[in-house]
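K.L.:
I have a structure here, written as structure tokens, and I will follow up with some questions on it.
Computed from the coordinates by the stated procedures, all read-outs in this text should not be read as laboratory data. Treat the numbers as computed from the prediction; the structure is a model and nothing was measured. Cβ placement follows ideal geometry from the backbone for every residue including glycine, while neighbour counts extend to all protein chains displayed.
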Amino acid sequence: MGARHDRLDERTFMERWLPHPLMTAVLVLLWMLLLNSFSFGGLLVGVVLAVVITRVTSNFWPERPPVKSWSKAFAYLGVVAWDVVVANLQVTRLILFRPVESLATRWVVLSLELRSPEAITVLAGTITMTPGTVSCDLSADGRSLLVHCLDAPDAEDTVRQMKERYEDRLKEIFP
Amino acid sequence: MTFVLELLVSLLIVGGGAFLLIGSIGMVKLPDLLTRLHAPTKATTLGVGGALVASMVFFAGLEGTLSIHEVLITAFLFMTAPISAHFIAKAHLHEHTELRDGLPPTGRPVGWSTFDAAPGAGEADEDDGRRGAHD
């Protein structure tokens, strides 16, 4: 217990009160968006909340998320937003016009090259939101992802698409 | 101008409603839980998205006030939908352990985390793995 306190106290004043500056900024922005109208008092409450929340929860995530390229991250968001629209249309077509028996429902395994938990979380979330795939489980060592496909006649092709479209981009965003 | 905006808002609402309806049809039509999971995670996001964009256009164009709540709703929806889908799938695997044999191999020396403990994990994790395998 004592050793742990010593380690925490080695941090500078800024590191202690703003362990995640970006998260603090996002929380302030979120608070202002929730208020939906600007007032100085609202901003003050937002800043206090953001500082206190990041300070209190910083022990749960001592490391800052490692993002290499923010421009690529935003480009990725654009790709995903487009794919979500396409995914909706595809699933709509499958639901309305295909008899259930003709769907090639299957499990697919995606062996991950990504290592950071943040990157794997984003990849799993993306896979769930996009065409006919839901990520269901992770192998116990966190190196492969179990994906359930609604209609995948060719398993290898599906895996290749997911790797090329999302994992390659994420590899450039996260180290 | 007002007519065009009203037309746009109506189209977005009707389109969004259509996607929500299709998502619900999917829930009825598809045979088991894992395939049903596909309907709400996808068809519904565009449905809710359409309604939210319609709301933003309505308030910005017709009422003259900027409303940004909708962006937040969309963001929270996109964050929570995949995570809840993941947990529903995991809970389904726990509930139906007979599905375990139908799963493909992980391609790794260890099994899927729903059934197997992480290598070198603490006691709590091992306990969790056992419960998944035998209950």
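K.L.:
Determine, for A:TRP31, A:TRP70, A:TRP61, the number of other Cβ atoms within 10 Å of each Cβ, and report the residues in order from fewest to most.
P.N.:
On the way: A:TRP31 17, A:TRP70 10, A:TRP61 14.
Least crowded to most crowded, the residues run A:TRP70, A:TRP61, A:TRP31.
K.L.:
If amide H atoms are built 1.01 Å from N in the plane of the peptide, which residues on other chains or at least 5 residues away come under 5 Å of the amide H of A:CYS136?
P.N.:
A:LEU146, A:VAL147, A:HIS148
K.L.:
In addition: How high is the relative contact order of the range A:16-175? Use alpha-carbon pairs under 8 Å, at least six apart in sequence, and give a whole percent.
P.N.:
25 percent
K.L.:
May I pose another question? Mean Kyte-Doolittle hydropathy of 0.0 or higher plus an axial Cα length of 27 Å or more: which whole DSSP H helices in chain B meet both?
P.N.:
Numbers: long enough: B:2-29 (40 Å, 1.95); B:38-57 (29 Å, 0.82); B:69-95 (38 Å, 0.77).
In chain B, the long hydrophobic H runs are B:2-29, B:38-57, B:69-95.
K.L.:
State to the nearest 20 debye the size of the charge dipole of the protein assembly as shown about its Cα centre, where the only charges are +1 on K and R beta carbons and -1 on D and E beta carbons. Walk me through the intermediate numbers first.
P.N.:
Working: 26 positive and 33 negative charges, 118 e Å.
Rounded to the nearest 20 debye, it is 560 debye.
K.L.:
Right, something else. To the nearest 500 deg cm²/dmol, what mean residue ellipticity at 222 nm is calculated for chain A from DSSP H runs of n ≥ 4 alone, each contributing -39,500 (n - 2.57), summed and divided by the residues? Intermediate values should be presented prior to the final figure.
P.N.:
Details: 8 runs with 101 residues, N = 175.
The helix-only estimate for chain A comes to -18000 deg cm²/dmol at 222 nm.
K.L.:
Moving on to the next point. Using amide H atoms built in the peptide plane, which far-off residues or other-chain residues are under 5 Å from B:SER67 H to H?
P.N.:
It is B:ALA60, by chain and number.
K.L.:
Sticking with this structure for a sec: Using the number of other C-beta atoms within 10 angstrom as an exposure proxy, rank B:THR74, A:THR57, A:THR133 with the fewest first. Each step should come with its number before you reach the end.
P.N.:
Working: B:THR74 17, A:THR57 12, A:THR133 25.
In increasing order of surrounding Cβ atoms, one gets A:THR57, B:THR74, A:THR133.
K.L.:
Cα-Cα pairs above 19 Å in chain A: how many percent? Walk me through the numbers on the way to the answer.
P.N.:
Numbers: 10374 of 15225 pairs.
That fraction is 68 percent.
K.L.:
Run the reach check for A:LYS72 against lysines, Cα to Cα strictly under 18 Å, same-chain hits fewer than 8 apart removed. What comes back?
P.N.:
A:LYS163, A:LYS171
K.L.:
Let me ask something else about it. Would you work out the relative contact order for chain B, in percent, from Cα pairs under 8 angstrom that are 6 or more residues apart? Don't skip to the end; give the middle numbers.
P.N.:
On the way: 113 pairs, mean separation 25.5, N = 135.
Contact order relative to length: 19 percent.
K.L.:
Assuming a ≥ b ≥ c are the square roots of the Cα gyration tensor eigenvalues, decide whether the range A:70-173 counts as rounded (a/c under 1.5), prolate (otherwise, with a/b larger than b/c) or oblate. List each step's numbers first, then the result.
P.N.:
Values: a/c = 2.42, a/b = 1.38, b/c = 1.76.
Taking the square roots of the gyration eigenvalues as a ≥ b ≥ c, the range A:70-173 is oblate.
K.L.:
Using helices alone, what [θ] at 222 nm do you get for chain B, with -39,500 (n - 2.57) per DSSP H run of 4 or more residues, divided over all residues and rounded to the nearest 500? Intermediate results must be reported in sequence, preceding the final value.
P.N.:
Numbers: 5 runs with 91 residues, N = 135.
Only helices count here, giving -23000 deg cm²/dmol.
K.L.:
Could you list A:THR121, B:THR45 in order of exposure, starting from the residue whose Cβ has the fewest other Cβ atoms within 10 Å? It would help to have the intermediate numbers written out before the result.
P.N.:
Values: A:THR121 16, B:THR45 22.
Placing the least packed residue first, the sequence is A:THR121, B:THR45.
K.L.:
In Å, what Kirkwood hydrodynamic radius results for the protein assembly as shown from the alpha-carbon pair distances?
P.N.:
Numbers: mean 1/r = 0.0455 Å⁻¹.
That comes to 22.0 Å for the protein assembly as shown.
K.L.:
Note down the relative contact order for the range B:2-82 as a percent, whole number, built from C-alpha pairs under 8 angstrom at least six residues apart. Write down the numbers at each step before the final one.
P.N.:
On the way: 72 pairs, mean separation 28.1, N = 81.
Value for the range B:2-82: 35 percent.
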